[in-house]
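Below is one structure, written out as structure tokens, with a few remarks after it.
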């Protein structure tokens, strides 16, 4: 049973436009969320995170929004660049003793067209 | 500073064989984890560790063993390889909640 879901396997956007990647979770014990980016033949790399006490976190072109009542988060990339083309994974961490037990979604392949 | 080093990068096993995937980190991170990546399934947690001598199961632990005798090393053992264990395996370490540094992966094929 997938606790973290990314329902869009792929997304294509034009360079300079906004990319919006979505993620839903089911487990109410999750209180910390992260986005990772993965290029082919490499390991994932950390991109941005958000705690459940916030509803928005920004880092340059990347902004993560959290809607706790809907158990939904999204990653906005503005403006999108061809180098952003990669697989994006959202991940969730539970509160309590297993905070580093990170659960990932299935990923969304973003293609930014020049 | 090498980060997280995984060996081997590629491996082909016959069904029933056993092997150990090596993982070492030089960042003095407490937390380490093993994930497998399969098409359409994302990254699934196999086992994780919160420090030397302490390990716990993740989402898909069956068929795998781990131990953590030192802070630096976190090997993953396949007891009796099965074709269902064909996957890309990633080891990761972290000092801060959830912010893992991943290795470059081991691509395993079981025939």
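The values are calculated or read from the model by the stated rules, or taken from the named source; none is laboratory data. Treat the numbers as computed from the prediction; the structure is a model and nothing was measured. As a convention, Cβ positions derive from the backbone with ideal geometry for all residues, glycine included, and neighbour counts pool all protein chains shown.
Checking residue B:37 against (1) within 14 Å of chain A (Cβ to nearest Cβ); (2) farther than 26 Å from residue A:108 by Cβ; (3) modelled with pLDDT of 95 or more, only one condition comes out false. Which one?
(2)
Is it the case that residue A:19 is surrounded by 14 or more Cβ atoms within 10 Å (Cβ to Cβ), touching a strand residue (DSSP E or B) at 6+ places or on another chain (Cβ under 8 Å) and away from chain B (no Cβ under 14 Å)? Write out each step before concluding.
Details: surrounded by 14 or more Cβ atoms within 10 Å (Cβ to Cβ): yes; touching a strand residue (DSSP E or B) at 6+ places or on another chain (Cβ under 8 Å): yes; away from chain B (no Cβ under 14 Å): yes.
Yes.
Can you tell me which residue within the range A:57-104, out of those that are closer than 14 Å to residue A:23 by Cβ, at pLDDT 95 or above and part of a loop (DSSP other than H, G, I, E, B), is farthest from the other protein chains (Cβ to nearest Cβ)?
The extreme case among them is A:70.
When you scan the range A:1-21, how many residues do you find that are closer than 12 Å to residue A:75 by Cβ and touching a residue at least 60 places away in the same chain (Cβ under 8 Å)?
Of the range A:1-21, the ones closer than 12 Å to residue A:75 by Cβ are A:6, A:8, A:11, A:18-21.
Imposing the further condition that a residue be touching a residue at least 60 places away in the same chain (Cβ under 8 Å) reduces the set to A:6, A:8, A:11, A:18-19, A:21.
Residues meeting the conditions: 6.
Residue A:112 - would you say it is more than 18 Å from residue A:26 (Cα to Cα), within 10 Å of another protein chain (Cβ to nearest Cβ), assigned to a strand (DSSP E or B) and modelled with pLDDT of 95 or more?
no
Restrict the check to the range A:45-52 and report whether at least one residue is under 15 Å from residue B:43 (Cα atoms) and out of contact with any helix residue (DSSP H, G or I) (no Cβ under 6 Å at 6 or more places or on another chain). If you could, list the steps in order and put the result at the bottom.
Taking the range A:45-52 first, the residues under 15 Å from residue B:43 (Cα atoms) are A:45-46.
Next cut, out of contact with any helix residue (DSSP H, G or I) (no Cβ under 6 Å at 6 or more places or on another chain) only: A:45-46.
For the range A:45-52, residues under 15 Å from residue B:43 (Cα atoms) and out of contact with any helix residue (DSSP H, G or I) (no Cβ under 6 Å at 6 or more places or on another chain): present.
Can you name the number of the only condition in (1) part of a strand (DSSP E or B); (2) facing chain B (nearest Cβ under 9 Å) that residue A:24 fails?
Exception for residue A:24: condition (2).
Looking only at the range B:96-106, filter to residues that are at negative phi and facing another protein chain (nearest Cβ under 10 Å); which one of those is surrounded by the fewest Cβ atoms within 10 Å (Cβ to Cβ)?
The extreme case among them is B:96.
So, residue A:34, is that one within 10 Å of chain B (Cβ to nearest Cβ), outside any loop (DSSP other than H, G, I, E, B) and surrounded by 19 or more Cβ atoms within 10 Å (Cβ to Cβ) or not? Steps first, please.
On the way: within 10 Å of chain B (Cβ to nearest Cβ): yes; outside any loop (DSSP other than H, G, I, E, B): yes; surrounded by 19 or more Cβ atoms within 10 Å (Cβ to Cβ): yes.
Answer is yes for this residue.
I want to confirm something. Restricting to the range A:37-56 and keeping residues that are surrounded by fewer than 17 Cβ atoms within 10 Å (Cβ to Cβ) and in contact with a strand residue (DSSP E or B) (Cβ under 6 Å, 6 or more places away or on another chain), which single residue is farthest from residue A:72 (Cα to Cα)?
Step by step, filter the range A:37-56, then rank; the result is A:39.
In the list B:110, B:12, which residue meets the criterion of being touching a residue at least 60 places away in the same chain (Cβ under 8 Å), loosely packed, with under 15 Cβ neighbours inside 10 Å and more than 8 Å from chain A (Cβ to nearest Cβ)?
Residue meeting the stated conditions: B:12.
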